[in-house]
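Everything below concerns the one structure shown next.
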Amino acid sequence: MESGFQGQNIEELLESGNAVQISPQGYSMYPVIVPGRDAVIVQKEDPAKLKRGDVALYRRDGGILVIHRICRKDEKGFYMVGDNQTEIEGPLRPDQIRGRMVALIRNGKEIDVRSLSYRLPCSIWLLMRPVRRPVSLAAAAVKSWLKRGKPPRGFCA
């Protein structure tokens, strides 16, 4: 499921210069944004100022609002990817961009997206996009192994 939102109020609030707190519903931005636990603060931003690694809120043509990370930007537009995805969406036009995530709220604590503790792991994860799936599967297997106290089926130790 996408990190999608319905509703014109979000766009109207952003257009009037307000910051908006949103609780994403899908798992496309997992593990950075966990639905039911995390929220994000989004502000209107000039699309020309957005860069690789920024998380942007955008509207798909005739569709929902989505919050994904910019994996690249060129003369054709923006190319977006969820942190839990490998497929790139784009190019998106600048007029589809509604705002940029400026903070992550985790367990009630606000994390500035400009902080090194946020940007460094996100940058590494973005670089790992081509190998995310096998890395995620391996991590899940190890986690399961540690939880059960025995190696996964077919694992040679």
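Nothing in this text is a laboratory measurement; each read-out follows from the coordinates by a stated rule. Fair warning: this is a prediction, and the values are worked out from it, not measured in the lab. Backbone-built Cβ (ideal geometry, glycine too); neighbour counts: all protein chains shown.
Worth pointing out:
- For the range 104-115, putting each phi into the Karplus relation 6.51 cos²θ - 1.76 cosθ + 1.60 with θ = phi - 60° gives couplings of 10, 10, 10, 6, x, 9, 8, 10, 6, 6, 8, 6 Hz, in residue order, rounded to whole numbers and with x for Gly and Pro.
- Inverse of mean 1/r across different Cα pairs in the range 1-88, Kirkwood, Å: 13.4 Å
- Residues whose amide H falls under 5 Å from that of residue 82, counting only those 5 or more places apart or on a different chain, are 69, with hydrogens built in the peptide plane.
- Using θ = phi - 60° in the Karplus curve 6.51 cos²θ - 1.76 cosθ + 1.60, the 3J(HN,Hα) couplings for the range 56-73 round to 10, 9, 9, 10, 5, 4, x, x, 8, 7, 9, 10, 9, 8, 6, 9, 6, 9 Hz; x is entered for Gly and Pro.
- For residue 19, residues with placed amide H under 5 Å, excluding near neighbours: none
- The calculated Kirkwood hydrodynamic radius for the range 4-148 is 15.8 Å, given to one decimal from all distinct C-alpha pairs.
- Its Cα centre serving as origin, the chain has a Cβ charge dipole (Lys and Arg +1, Asp and Glu -1) of approximately 1000 debye.
- Phi-based couplings in Hz for the range 121-136 (Karplus 6.51, -1.76, 1.60; Gly and Pro marked x): x, 5, 5, 5, 4, 5, 5, 7, 3, x, 10, 4, 4, x, 5, 5
- Long-range amide H partners of residue 28 with built H, under 5 Å: 3
- The residues neighbouring residue 91, those whose beta-carbon lies less than 13 Å from its own, together hold a net charge of 0 under the Lys/Arg +1, Asp/Glu -1 convention.
- If you sort the three axes of the alpha carbon gyration tensor as a ≥ b ≥ c, you get a/c of 1.5 or more for the range 5-55 and a/b no higher than b/c, which makes it oblate.
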